[in-house]
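*Asks:* A single structure is presented below for examination.
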Amino acid sequence: MGLGFVSVDEKGIRGGLDVSLQGVGSLVASTNLMSQTPKASWPWVKTLLHSVYDQPDSDSVHAQYDRVIDALPEKLPKVADHLDAARSDLLAFTAFPKQIWKQIWSNNPRSVNRPSGDTILSAA
């Protein structure tokens, strides 16, 4: 049995769990996106999606996401529909300060990266 981490904020434990689960929702939405994308088109779709995450601020992220969705319907309508439906999951990180976006995106369940730059590894 491993050690788990729960953050406690002004909302209490539930608020901390909600924050943790938003990153999971993003990972699940991305994985489901692969199932909707033809294998030959995946590199292009992946590049488009990365262009969203490379934006400097929340407004730019949302604007780029709109441009990505607008670029897809003609060639990949299922992918465009999936991204449109997954918008809230994939862009949930923008509700938080930019300084912690990379922590939210992390898919390493064994580490907790702190804003100070310290990394804590949990026992698995």
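Just so it is clear, none of the values below were taken in a lab; they were calculated from the coordinates. Model, not experiment: these values are computed from the prediction. Backbone-built Cβ (ideal geometry, glycine too); neighbour counts: all protein chains shown.
*Asks:* Using all Cα-Cα distances in the range 29-78, what percent lands in each 5 angstrom bin from 0 up to the longest?
*Replies:* P(r) over the range 29-78, rounded to whole percents: 4, 21, 30, 25, 14, 6, 0.
*Asks:* Run the quick spin-label model on GLU74 and GLN36: label points 7 Å from Cα toward the beta carbon, then report their separation in nm to one decimal.
*Replies:* 2.0
*Asks:* Find how much the distance from GLN103 to SER51 grows on full extension, using 0.36 nm per residue of separation minus their present alpha carbon separation; answer in nm with one decimal. Before the final figure, lay out each step's value.
*Replies:* Details: separation 52, 0.36 × 52 = 18.72 nm, distance 1.80 nm.
Separation in residues times 0.36 nm, less the Cα-Cα distance, equals 16.9 nm.
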